[in-house]
1. What does the charge count near B:HIS193 come to, summing +1 for each Lys or Arg and -1 for each Asp or Glu among other residues with Cβ under 12 Å from its Cβ?
2. With an 8 Å Cα cut-off and a minimum separation of 6 or more residues, compute the relative contact order for chain B in percent.
3. Measuring from centroid to centroid over Cα atoms, what is the spacing of the range B:229-300 and the range B:167-199 in Å?
4. Net charge within 12 Å of B:GLY294 by Cβ-Cβ distance, Lys/Arg positive one each and Asp/Glu negative one each, not counting B:GLY294 itself?
5. Taking the Cα centre of chain B as origin, work out the dipole magnitude from +1 charges on Lys and Arg Cβ and -1 charges on Asp and Glu Cβ, in debye rounded to 20.
6. Mean separation of Cα pairs under 8 Å and 6+ residues apart, divided by the residue count of chain A: what relative contact order is that in percent?
7. Where in the range A:327-343 does the amide nitrogen come within less than 19 Å of the point 7 Å from the Cα of A:GLU292, taken along Cα to Cβ?
8. Using helices alone, I'd like the mean residue ellipticity at 222 nm for chain A: each DSSP H run of four-plus residues gives -39500 (n - 2.57), total over residue count, nearest 500.
Amino acid sequence: MYDKIRVFAIVTALMAGPSLANAQVADSKEILRAAIAAQLRPLLGDGAGGIVEKLKGVKPDGAISRNFNPAVVSKAVFGRAAANVAPDCNSTQTNTKEPDQGRCVIQTGSPDSPTGAFAMLAFSKNIGMGDITYLRRPAFDPNSTVLPSPVKLSDAEAYAQALKFLALLGVPKSEIPVAPRDAKNPLPVRALLVGAEQDPGKDATRIEVQKVINFQRSFTVPGGLFKDPTTGIVLDQVLAPGEVTVAVDDNGVQLADVQSWSDAQMDPKLDPALAKSTPELIDEITDDLFAEGVRKAGSLSILIGLRKAFPNPDDPNPPLCPVCGVLRPALRVVISQVGPGAVDSSERNFIAPGVVREYDLVGQTEAESPAR
Amino acid sequence: MKARRSKIKVGWRVVMGVALAAMLSSAHALKVDMYAIGNWSAGNCAPGDTDSNRPSWPGMAQAWYDIMGAMGETRTGKFIDGNMTVRRFCDPSSKAGCQDFSWVDWPDAAIVAAHGYDAGNGWGALMRNSDLGTCSLVMGAGASGSTFVGDNNLKFLHASSCLSLNDNYFSNMRVAMKKPGSSKGLHEMTGFHGVMFISSSFNGNYANTAFLGHFIAVSRAWTSQHYKSNQFSCAAYDPHNYYGTCQDQCPTAMTVGATGSAALNRLLNERYNNTAAFGSPGGRSYYAWMGYRGCDPVAQDAFNP
């Protein structure tokens with residue numbers, strides 16, 4: 001019914017005699033709208049209420065702020081080395097008594113040393129914000145002709161090392177996605193490859209220098225979230241704010257970067273009764289992407305996730321920490337004008353970047369209104 | 001709400017950077033520029049083409065630019081939209097009127113954000129306005145390339161642009177990174193194999209590139225921060241690519257050198273704050289590159305140089 005109305009709208013627009021350009025704009029917008037609708041309807045049905053109800057059952061139980069112990073991590077990564085702790089590390093508030101959103105830095109060696117070894121652990125002073133970076137660099141000789149050693153670790157060994165290190169950093173195990181038994185790609189591991197050559201394909205040196213693990217945070221949804229009607233696959237995880245990258249070689253973890261793994265809890269004011277209808281979401285997404293310049297949908301992906309949001313205006317202190325925010329059900333829309341495989345491009349057929357956007361599945365509890 | 005979140009996200013990183021900058025020596029301070037186009041429709045290279053506009057793009061470049069400043073570098077030029085033409089990016093040896101020595105080749109480090117394309121095994125980037133008979137910056141791509149950088153000041157060039165450093169460009173790019181007859185050259189270029197993505201939530205990756213590039217090699221900072229494994233094109237039932245439906249964002253980096261080991265050593269160890277340890281590339285007979293084996297982006301085959 002909805003699609004028929006849209007088709008009617010296109011026809012009406014064309015018959016009303018607008019300029020060709022206007023008709024093309026209307027046309028491209030309706031094509032975009034149809035592409036979004038085709039993905040959204042199987043996912044949500046008539047509305048987001050059912051999904052939101054399921055997501056209300058997600059109970060983040062780990063909390064990086066409870067698991068992260070800087071003294072333990074520092075001892076593990078720096079060992080006996082005398083590490084310098086930045087003098088402002090003990091403060092979690094700014095001079096104006098606001099939560100300090102900066103980082104505590106602990107390091108060994110000089111960051112500015114041109115060739116010297118260096119290691120650093122930096123983490124949110126309010127650790128509930130969920131940002132932790134560990135890195136180390138070895139000393140090196142800029143005139144060395146010795147090639148780097150290839151990494152011998154298998155993907156599984158690298159992944160196991162990464163998980164062990166993430167546990168040390170306090171990343172809750174329950175928030176790390178687990179591959180189903182029938183997964184074709186169970187490990188999120190790739191080799192970082194370097195090469196040097198004089199002519200393409202001749203005398204080429206290719207060395208895998210690290211194994212890199214990269215994945216997004218995920219929560220288990222009790223009872224499952226969604227069953228794909230075509231494949232029958234049941235999705236029982238939901239994406240959440242937070243991403244990790246860990247680079248490992250035969251000497252251990254060289255870089256670990258935990259980003260935005262905040263202690264945000266589900267929005268306590270979440271009300272499934274306020275879930276948006278599917279037509280409402282289709283309009284919202286279409287209008288927003290169109291305003292962002294998106295016209296073609298060579299590749300379109302719509303995923304259910306949780307996004308970090310600010311608490312309701314009347315509830316300024318979310319459950320675990322003052323700067324953690326809250327989690328709200330959302331759609332993560334990823335769109336690009338071209339699809340998979342190599343495509344021809346030119347000045348006239350340039351390639352525009354893809355766009356990633358998030359849209360709340362539930363409307364605001366109440367409209368904000370000025371108190372003054 | 002989205003804008004507010006983004007500002008706060010970048011804001012705390014600025015705070016972080018300011019704190020860390022205090023630990024870094026100011027002796028190395030680099031001059032830093034940013035060149036970003038978010039609106040093409042009001043220019044004359046894609047007039048009225050609102051399809052091509054990407055208003056959130058300059059913010060990503062600025063996240064890098066701002067943190068470079070917070071880390072103690074000197075912000076010397078923020079250029080967004082306006083009269084962005086090839087004149088700012090092409091070398092006078094290629095065409096009269098080119099003035100890269102006053103623009104992109106004037107600072108020590110720069111980021112360029114613009115639509116990209118494969119200009120013939122080299123990077124093409126769509127300008128906002130036509131100038132000198134073209135709407136494109138072309139780097140590498142054999143005889144059609146007019147961008148040669150590093151012969152003046154530029155050491156690090158970051159291309160926030162689709163298809164800016166595909167795996168089929170590396171050989172051609174080396175000429176653009178060390179102009180024939182010049183004693184100086186570009187130390188490192190970074191870009192993307194295939195399509196890159198825009199999101200306010202990715203601003204932190206640009207900021208972190210600036211941050212981490214002062215502690216580990218710029219190549220590793222770029223490739224670790226912009227590597228997005230299996231986050232795009234996923235089927236709704238497959239958000240982690242367990243069933244193989246997803247695609248990647250694939251960052252790449254490259255250097256040149258008189259020998260393979262020289263190019264590799266630079267690639268693996270040069271940071272924003274140790275450029276003097278390496279100096280200018282001694283030649284361009286060899287090139288070295290970095291990327292993720294099998295990284296599978298939109299619009300290109302998997303990374304396999």
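1. Details: positive: B:ARG293; negative: B:ASP118, B:ASP167, B:ASP248, B:ASP296, B:ASP301.
Result for the local shell: -4.
2. Details: 778 pairs, mean separation 47.0, N = 305.
Rounded, it is 15 percent for chain B.
3. Each part reduced to its Cα centre gives a spacing of 11 Å.
4. Working: positive: A:ARG190, B:ARG293; negative: A:ASP155, A:GLU208, B:ASP167, B:ASP248, B:ASP296, B:ASP301.
Computed value for this residue: -4.
5. Working: 25 positive and 20 negative charges, 140 e Å.
For this selection, approximately 680 debye.
6. Details: 672 pairs, mean separation 67.5, N = 372.
Once normalised by length, the contact order is 18 percent.
7. In the range A:327-343, the label zone of A:GLU292 (backbone N under 19 Å from the point 7 Å along Cα→Cβ) covers A:328-340.
8. On the way: 7 runs with 88 residues, N = 372.
Per the formula, -7500 deg cm²/dmol.
The values are calculated or read from the model by the stated rules, or taken from the named source; none is laboratory data. Since the model is a prediction, treat every value here as computed from it, not as a measurement. Neighbour counts are summed over all protein chains in view; Cβ atoms, including those assigned to glycine, are modelled from backbone coordinates with ideal geometry. Accessible surface areas use protein heavy atoms only, side chains included; no ligands, DNA or RNA. Shrake-Rupley method; radii C 1.70, N 1.55, O 1.52, S 1.80 Å.
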